[in-house]
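Asker: The structure under discussion is supplied below as structure tokens; questions concerning it will follow.
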Amino acid sequence: MKFAVISKGDAISNECMYKIRTYLTDFRLTYDEDEPDIVISVGGDGTLLYAFHRYRSRLEQTAFVGVHTGHLGFYADWVPDEIEKLVIAIAKTPYQIVEYPLLEVTIRYVRGGREAKYLALNECTVKSVGGTLVMDVEIRGDLFETFRGDGLCISTPSGSTAYNKALGGAILHPSLEAIQVAEMASINNRIFRTIGSPLVLPKHHTCMLKPVNDVDFQITIDHLSLLHKDVKSIQCRVADEKIRFARFRPFPFWKRVRESFIQ
Ligand code: NAP
Ligand code: MN
């Protein structure tokens, strides 16, 4: 089996990374940064997001494991004290694979040409470059509303505990193949109206955002933020691809939520 370790880069995470690398090599696993079967992320959720995007082109062949070194680590099940245990589990026991849904974002441009396709593990957010974001929101090809406000956040179930949660969105269990559309400070009065509630869309119910006036947007995909110019549409739907996590012991989602947000 081939493995790779990705560290957040601080002293504690780096120390863990070297330990994992040495122990797994001692167990005769091969270190292979290019084609790993298993990727161990050491740091926080930000590190796992980075690892996910680093190995985005081989999601079907890669399983992820997270070790958290002092950060929230919603995606990370292991702590530095357990590294010996984790290494033995990776090397000696067959592990279970748990798959979580992803968000597919397709951005098309006014002048045609190549469309941009992204996969998000947490979410995509759309904001204007200056002033109010104005966008037509279409669901399954029909106009649903014209949104005016700070922005829109389209999240995956496992991303529902991140930015989406801060926007008052619901927490979705990752066994649900769905995406959630949440508003950022929408303008609501006699003249302008949006639904106001977060929407949960099932697979195949595509959400399309179309500019009304301005065509330049600040768009984030997880931790990556880019300015997109001359945008014609932003299409969001449940991706065909999934992220695979290697599970060595049960850690139910609701327990993870409770430990992250309640105690
Ligand atoms: P960051 O600023 O470190 O992330 C903000 C916090 O979100 C960190 O505590 C991070 O945990 C946590 N987090 C990330 N994914 C999560 C998830 N799926 N469930 C629960 N918490 C999660 O930046 P980052 O580490 O690069 O992460 C990027 C993410 O930040 C974005 O995808 C977005 O969801 C989130 N964000 C949140 C807000 C907000 O809540 N108002 C605003 C902007 C962005 P770690 O400390 O373990 O990294
Ligand atoms: Mn972070």
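The values are calculated or read from the model by the stated rules, or taken from the named source; none is laboratory data. All values derive from a computational prediction rather than experimental measurement. Cβ sites come from the backbone with ideal geometry, for glycine too, and all protein chains shown count toward neighbours.
Asker: Which one is farthest from the chain's Cα centre (by Cα) among residues in the stretch 130-159 that are within 30 Å of Arg256 (Cβ to Cβ) and part of a loop (DSSP other than H, G, I, E, B)?
Answerer: Filtering the stretch 130-159 for residues that are within 30 Å of Arg256 (Cβ to Cβ) and part of a loop (DSSP other than H, G, I, E, B), the one farthest from the chain's Cα centre (by Cα) comes out as Pro157.
Asker: Is there a residue being assigned by TED's automatic domain parsing to the domain that holds Ile83, modelled with pLDDT of 95 or more, in contact with a helix residue (DSSP H, G or I) (Cβ under 7 Å, 6 or more places away or on another chain) and small (Gly, Ala, Ser) anywhere in the stretch 45-63?
Answerer: No.
Asker: Keeping to the stretch 25-56, report how many residues are aromatic (Phe, Trp, Tyr) and either buried (at least 16 other Cβ atoms within 10 Å of the Cβ) or touching a Gly at 6+ places or on another chain (Cβ under 6 Å) (or both).
Answerer: Summing the residues that are aromatic (Phe, Trp, Tyr) and either buried (at least 16 other Cβ atoms within 10 Å of the Cβ) or touching a Gly at 6+ places or on another chain (Cβ under 6 Å) (or both) in the stretch 25-56 gives 3.
Asker: To continue, here is another question. Please determine whether any residue of the stretch 60-69 is crowded, with 23+ Cβ neighbours inside 10 Å, more than 16 Å from Phe248 (Cα to Cα) and away from ligand 1 (no atom under 16 Å from the Cβ).
Answerer: No, there is no match, as no residue in the stretch 60-69 is crowded, with 23+ Cβ neighbours inside 10 Å, more than 16 Å from Phe248 (Cα to Cα) and away from ligand 1 (no atom under 16 Å from the Cβ).
Asker: Still on this structure: So which of Pro157, Pro94, Pro101, Pro80 is surrounded by fewer than 20 Cβ atoms within 10 Å (Cβ to Cβ) and modelled with pLDDT of 95 or more?
Answerer: Answer to the selection: Pro80.
Asker: Give me the residue from the stretch 160-172 that is in a helix (DSSP H, G or I) and within 14 Å of the chain's Cα centre (by Cα) and, out of that set, surrounded by the fewest Cβ atoms within 10 Å (Cβ to Cβ).
Answerer: Lys165
Asker: Read through the list (1) over 13 Å from the mean Cα position of the chain (by Cα); (2) within 13 Å of ligand 1 (Cβ to nearest atom); (3) touching a residue at least 24 places away in the same chain (Cβ under 8 Å); (4) not assigned by TED's automatic domain parsing to the domain that holds Ser158, then give the number of the only condition that Lys127 fails.
Answerer: Evaluating Lys127 over (1) over 13 Å from the mean Cα position of the chain (by Cα); (2) within 13 Å of ligand 1 (Cβ to nearest atom); (3) touching a residue at least 24 places away in the same chain (Cβ under 8 Å); (4) not assigned by TED's automatic domain parsing to the domain that holds Ser158 leaves (4) as the failure.
Residue-wise test of (1) closer than 25 Å to Ser160 by Cα; (2) touching a residue at least 40 places away in the same chain (Cβ under 8 Å); (3) touching a strand residue (DSSP E or B) at 6+ places or on another chain (Cβ under 7 Å).
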{"site": "Glu82", "(1), (2), (3)": "no, no, no"}
{"site": "Ala89", "(1), (2), (3)": "no, yes, no"}
{"site": "Thr93", "(1), (2), (3)": "no, yes, no"}
{"site": "Arg108", "(1), (2), (3)": "no, yes, yes"}
{"site": "Arg111", "(1), (2), (3)": "no, yes, no"}
{"site": "Tyr118", "(1), (2), (3)": "yes, yes, yes"}
{"site": "Leu121", "(1), (2), (3)": "yes, yes, yes"}
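Asker: In the stretch 214-229, how many residues are β-branched (Val, Ile, Thr) and loosely packed, with under 13 Cβ neighbours inside 10 Å?
Answerer: 0
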